[in-house]
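Working notes for the structure below.
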Amino acid sequence: MFNIRLPTYQTFFVLGMILLGFSTSPEDGGVLSFGTPFFIIAILGFVPVIFRYWTYMDWRFFLFPLLHILLIVAMTVFAFSPFQSSVRAFFNVLGFVIYLGLVCSFLSGRLSVDTLARVLICSGATLAVYFIVNFCFSSIELGVQQVILERYVGGAMSLPWGASNTIAQVLLLSAVSYMVLSERRKSDFLMFGVIVLGICLTFSRSNMLLLFVLFFFVFRFRQLIVLGGLSCVLLAAFFAYMVMFAGWDLSGFDTFVSSRTNVEILATGNGRLQTLTEKIDFLMIHPFEPIGYYSSLFYFDLSAHNFWMTTLIEQSAAAVLVSLGFFFFIGRVVYRRDRNVFFGFLIIMMALMVEDPHFTQQYITSFWVFLALLVGFGCAEKDDGVKSEQ
C-alpha cells in the first residue's frame with residue numbers, strides 16, 4: 001500500500017500508529033494503547049536524528065511546543081489527582097518527542113510528507129474498522145437502540161479509551177490528513193471512505209457537521225453529488241442488511257434522531273453552554289488560580305468541552321497564549337502553501353472548541369503527529385526544510 005522503505009525506527013512508529021486505537025480496558029487495571037511499546041522503541045531511533053537536526057528547525061516550531069509541554073508538566077504539581085495527570089503529561093511528552101523526531105526526519109530527507117499523511121490515514125482507517133466492528137457486534141448482542149444511546153465512556157458504543165465523540169475527533173485528524181496528499185491513490189480514497197463511515201456511525205453532530213464542511217474542500221461539486229448518493233446507498237444497504245440478517249430492531253431509532261435534532265438541546269450545545277458558563281463564573285472569582293492539569297472533571301464533574309477554556313482553567317492564560325502562538329505559526333506556513341489544507345487545519349481548531357479529546361492517549365499522539373505533518377507540509381517547498389521564513 002505504501003510502496004516505501006523506512007528506517008527500522010520509523011517502522012516501529014508506523015506499527016505504533018496502526019495499533020494506537022487498540023488498548024487494554026479499565027478492568028485490566030488501566031487503559032494503555034498497544035502501540036505504546038512501539039512508540040518508545042521508535043523514540044530511541046528518533047533521538048539521534050533529533051540531536052543532529054534540531055538546530056535546523058525554525059525556532060517557533062521548537063520553542064512554542066516546548067513551552068506547551070513544560071506548562072503541562074508544571075501544572076501536574078497542582079492537579080487534583082497528580083497520578084492521573086502525570087500519566088497524560090507523560091503521553092504528551094512522548095508525543096512531543098515523536099513530533100520532534102518526525103520534523104527532524106523531514107529535515108534529514110528520511111521521511112516524506114505524503115508518507116506521514118498515509119500513516120495517519122491508515123491509522124485512522126484501522127481505528128474506524130475497529131469501531132465499526134465493535135458497533136456491529138454490540139448492536140447484535142445488545143440491540144442497536146441501546147448502543148446508540150450509550151455513547152459515553154464505558155457505554156456499548158464506546159471503546160475502552162474513549163466515548164464516541166472522542167473517537168470521532170481522532171478520526172477527523174486522519175480525514176483532514178487526506179487533504180495533504182499530493183497524489184491520491186485508490187487505496188487512499190478507500191481508507192478515507194472507511195474513516196468517513198466511522199465518523200458517521202459515532203452520531204457525533206459536531207464532527208459530522210465538520211466532516212460535511214471538509215467535503216467542500218476535498219471534492220468538486222460533481223464529486224460531492226456522486227459521493228453523497230453513494231454514501232446514502234451504502235448506509236441504506238448497511239442498515240438493511242443488519243435489520244434483515246443481524247436481527248436489528250430499529251423501533252425507537254426515530255426517537256433517537258429527534259433527540260439529536262431537538263432545537264432546544266442544540267441551542268444549548270447539549271449542555272455545553274451551561275458548563276461553559278460555570279467555568280466563566282469560576283474564572284471571575286479565581287482569575288489567577290489554575291486548578292492543575294486534568295483537574296476539571298474532579299472540580300466540576302464535567303469538563304468545558306472546549307480546549308481553550310479547559311486550558312485556561314487548568315493551566316492559566318500563559319498556556320493559552322503559548323498554544324495560540326504555536327497554532328498561529330503552523331497555520332501561517334500552511335496558509336502560504338495551500339489554502340485548502342489551511343481550512344482543514346481550521347476544521348480541527350473548530351473541533352477543539354466543542355470537545356475535550358486532548359486527554360486521551362490516542363488523540364494526544366495523533367494530534368502531535370498531525371502537527372508534525374502540517375509543519376513538514378507548510379515548509380516542504382523550501383530547500384532548507386523547516387527553516388525560518390525569509
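Odds and ends about this structure:
- The criterion of being under 22 Å from VAL196 (Cβ atoms), surrounded by 18 or more Cβ atoms within 10 Å (Cβ to Cβ), hydrophobic (A, V, I, L, M, F, W, C) and in contact (Cβ under 8 Å) with a residue 40 or more places away in the chain does not hold for ALA163.
Each row is one residue, and each column tells you yes or no for (1) β-branched (Val, Ile, Thr); (2) farther than 16 Å from GLY376 by Cα; (3) under 20 Å from the mean Cα position of the chain (by Cα).
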residue: THR24; (1), (2), (3): yes, yes, yes
residue: PHE34; (1), (2), (3): no, yes, yes
residue: VAL73; (1), (2), (3): yes, yes, no
residue: SER85; (1), (2), (3): no, yes, yes
residue: LEU102; (1), (2), (3): no, no, yes
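- Within the range 213-221, the presence of a residue that is out of contact with any Leu (no Cβ under 8 Å at 6 or more places or on another chain), under 30 Å from VAL87 (Cα atoms) and among the aromatic types (Phe, Trp, Tyr) is excluded.
- Some residue of the range 114-130 being among the charged types (D, E, K, R) and surrounded by fewer than 22 Cβ atoms within 10 Å (Cβ to Cβ): yes
- Filter pass, ARG118 being touching a residue at least 60 places away in the same chain (Cβ under 8 Å), of a type in the set (D, E, K, R), assigned to a helix (DSSP H, G or I) and out of contact with any Asp or Glu (no Cβ under 6 Å at 6 or more places or on another chain): yes
- Among the residues of the range 105-130, those that are more than 16 Å from THR11 (Cα to Cα), modelled with pLDDT of 95 or more and among the hydrophobic types (A, V, I, L, M, F, W, C) comprise ALA125, LEU127, ALA128, VAL129.
- Among (1) buried (at least 17 other Cβ atoms within 10 Å of the Cβ); (2) farther than 24 Å from GLY101 by Cα, the one test that TRP368 misses: (2)
For (1) in contact (Cβ under 8 Å) with a residue 60 or more places away in the chain; (2) under 30 Å from PRO160 (Cα atoms); (3) not in a helix (DSSP H, G or I), each residue gets a yes or a no:
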site	(1), (2), (3)
LEU15	no, yes, no
PHE61	yes, no, no
PHE64	yes, no, no
ARG88	yes, yes, no
TYR99	yes, yes, no
CYS104	no, no, no
LEU107	yes, no, no
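- Top-ranked residue in the range 286-345 [being among the acidic types (Asp, Glu) and either under 15 Å from LEU67 (Cβ atoms) or in contact (Cβ under 8 Å) with a residue 24 or more places away in the chain (or both); ranked as surrounded by the most Cβ atoms within 10 Å (Cβ to Cβ)]: GLU314
- GLN146 vs. criteria part of a helix (DSSP H, G or I) and either over 14 Å from the mean Cα position of the chain (by Cα) or not polar (S, T, N, Q) (or both): yes
- Among the conditions (1) more than 16 Å from the chain's Cα centre (by Cα); (2) assigned to a helix (DSSP H, G or I); (3) farther than 26 Å from LEU302 by Cα, GLU183 misses just one, which is (2).
The values are calculated or read from the model by the stated rules, or taken from the named source; none is laboratory data. Note that the coordinates shown come from a computational prediction; the quantities given were computed from them, not determined experimentally. FYI the Cβ positions are ideal-geometry reconstructions off the backbone, even for glycines, and counts take in every protein chain you see.
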